[in-house]
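Asks: Sharing a structure with you now.
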Amino acid sequence: MYWSHSCFALCWIVWAALRLRAEGKYAQKLFNDLFEDYSNALRPVEDTDKVLNVTLQITLSQIKDMDERNQILTAYLWIRQIWYDAYLKWDRDQYDGLDSIRIPSDLVWRPDIVLYNKADDESSEPVNTNVVLRYDGLITWDAPAITKSSCVVDVSYFPFDDQQCNLTFGSWTYNGNQVDIFNALDSGDLSDFIEDVEWEIHGMPAVKNVITYGCCSEPYPDITFTLILKRKSSFYIVNLLIPCVLISFLAPLSFYLPAASGEKVSLGVTVLLAMTVFQLMVAEIMPPSENVPLIGKYYIATMALITASTALTIMVMNIHFCGAEAKPVPQWARIVILKYMSKILLVYDVGESCTNPCHSKERGHQRKDYGKLPELYQKGPRNRNNGIAQKKETNKLLNNDLGIQGENPKEADNYCARYTALTRNIEYIAKCLKDHRSNNAKGIEWKKVAKVIDRFFMWIFFIMVFAMSILIMAKA
Ligand SMILES: *[C@@H]1O[C@H](CO)[C@@H](O)[C@H](O)[C@H]1NC(C)=O
Ligand SMILES: *[C@@H]1O[C@H](CO)[C@@H](O)[C@H](O)[C@H]1NC(C)=O
């Protein structure tokens, strides 16, 4: 039992080895027979009037790079070409049932099918992979290729764009009456595609075009594979869009910044510079074409907005610092801005939002008392014409106020003169104070106007920035 098993196994191995040797021998014989008087230079057809059909199939393995700036798509493809060679046939029975052999492809005639829209300068020759030769003359040639094809990139909707890249294959020298090409499938094969980080593939339909050029009557067939790509935009959203949106929301806040801080304009300019950096980054990856990408438009619009806001800030600053020399606030502005707009925009008096309202009222009261002269003093010097009566009164006053006793008229006169000078001085001080206060009030009024206008623009610009952000996000 054991012995017979072993013997059987041994016998089988010996037989298999012999058969392999036989196959090798037959393959050698076949190869010699086939290529005895074969030329790979000529189109292998029995009748030169007959067309040779080549079937083309493209498998997209990987997108290596999409260079938007130079408009070049680099792809890794497997190109399969199938045709019948009329001189490479054999009878299987004569060669021990050998039905196919694999031989280097440069031994046989190959169709000169090339990528028409190739974009690299080096003349990449087809790789000398093996071909599979079947007993009836069918040759299958699989060759990997890294192709660089030109591709018209339309970046109008960057980073939410779709691209279509054509890969056109055709015979370089043979016309359609000599070598005709066909699609193996309706589209490129995507089953072995390695996921790309930047692009989603939405199909690769293939179309056969036959072009007849003006000079000649021969048709020139080609097969165009259209690679439909959609950009995965999350990278650009995170790196280019969201930072820009966030920064642009800072711009209207320059209106909210108190004028006294002196930072209003520098905030606007800083934001503008930040936007410029982002814009340069986008401009670097985009082709310098007429079509401004969507994100570029967004940057330009935002920058225009920020420029406008900075310019307006400067103007409002001027209003804010309308000091004592300025004209008073015009009546219409007082009504429109101070009365209505300030209420709508919830603008409070200067400083009121920062301090306790009670406290500020008290302070105002104190300020009113401050520098107020007794009525008597104010009235006093004006009715100098009353002469004696007034003098008497002053005397009386002096007696009371300064505590001077005595009825010496000379002394009293002396006092009276000094008193009048004093009163005049006090009157002058009071007048200055009053002027100052009214000027101050004017300044405060202008400041409030500036504040209301600031607040108004802040909301306007907030709404505009918000609307623009929504608009660009809606395109996503
Ligand atoms: C090539 O294809 C055409 C169209 O399908 C067909 O008519 C012709 O017979 C084919 N030629 C050969 C040699 O197979
Ligand atoms: C790509 O090929 C298709 C089909 O031949 C054609 O309609 C389209 O215009 C081509 N696109 C470009 C950009 O050449």
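Asks: Output the pairs from 50/230; 64/208; 89/148 with a Cα-Cα distance over 31 Å in this structure; if there are none, say none.
Replies: Numbers: 50/230 43 Å; 64/208 26 Å; 89/148 36 Å.
Flagged as over cut-off: 50/230; 89/148.
Asks: I'd like the Karplus ³J(HN,Hα) series for the range 286-291: coefficients 6.51, -1.76, 1.60, θ = phi - 60°, whole numbers in Hz, and an x wherever there's a Gly or Pro.
Replies: 8, x, x, 9, 6, 6
Asks: Need the list of aspartates and glutamates near residue 264 for cross-linking: C-alpha distance under 19 angstrom, and skip anything on the same chain fewer than eight residues off.
Replies: Counting by Cα, and skipping residues close in sequence, residue 264 has these aspartates and glutamates nearby: 454.
Asks: List the aspartates and glutamates whose Cα sits under 17 Å from the Cα of residue 475, skipping any in the same chain fewer than 8 residues away.
Replies: Output for residue 475: 154, 161, 162.
Asks: In a shell of Cβ-Cβ distance under 15 Å around residue 91, excluding residue 91 itself, what net charge do Lys and Arg (+1) and Asp and Glu (-1) give? Don't skip to the answer; put the middle values down first.
Replies: Working: positive: 29, 89, 92, 134; negative: 33, 93, 96, 99, 136.
Here the charged neighbours net out to -1.
Asks: I'd like the Karplus ³J(HN,Hα) series for the range 35-44: coefficients 6.51, -1.76, 1.60, θ = phi - 60°, whole numbers in Hz, and an x wherever there's a Gly or Pro.
Replies: For the range 35-44, the Karplus-derived couplings read 9, 4, 10, 10, 10, 8, 8, 10, 5, x Hz, x marking Gly and Pro.
Asks: Follow-up question, since we're still on this one. Could you list the GluC sites (Glu not before Pro) in the range 27-124 that lie in coil according to DSSP, counting only those with at most 10 other Cβ atoms within 10 Å of their Cβ? Could the numbers behind the result be given before it?
Replies: Details: sites: 36, 46, 68, 122; in loops: 36, 46, 68, 122.
Answer by residue number: 36, 46, 122.
Asks: How would you rank 458-470, 200-212, highest first, on the average number of other Cβ atoms within 10 Å across their residues? Each step should come with its number before you reach the end.
Replies: On the way: 458-470: 15.7, 200-212: 13.8.
By packing density, highest mean first, the sequence is 458-470, 200-212.
Asks: Can you work out ³J(HN,Hα) from phi for every residue in the range 335-343, in order, using Karplus 6.51 cos²θ - 1.76 cosθ + 1.60 and θ = phi - 60°, giving whole Hz and x for Gly and Pro?
Replies: My calculation for the range 335-343 gives 6, 5, 7, 6, 8, 8, 5, 5, 6 Hz in order.
Asks: Same structure again: Starting from a Cα-only point model with no solvent, please compute log10 I(q)/I(0) by Debye for the range 93-252 at q = 0.13, 0.17, 0.18 1/Å.
Replies: The Cα Debye sum returns log10 ratios of -0.83, -1.18, -1.26.
Asks: If Lys and Arg each add +1 and Asp and Glu each add -1, what is the summed charge of the other residues whose beta carbon sits under 12 Å from the beta carbon of residue 109? Please report the intermediate quantities before stating the final value.
Replies: Numbers: positive: 43, 110; negative: 85, 106, 112.
Net local charge, residue 109 excluded: -1.
Asks: What is the sum of charges around residue 136, taking Lys and Arg as +1, Asp and Glu as -1, for the other residues whose C-beta is under 15 Å from the C-beta of residue 136? Walk me through the numbers before you get to the answer.
Replies: Numbers: positive: 89, 92, 134; negative: 46, 85, 91, 93, 99.
Neighbour charge sum, excluding residue 136 itself: -2.
None of the figures in this text is laboratory data; all of them are computed from the coordinates on show. As the structure is a prediction and not an experimental result, all values here were calculated from the model. Reconstructed Cβ throughout: ideal geometry from the backbone, glycine too, with neighbour counts over all protein chains shown.
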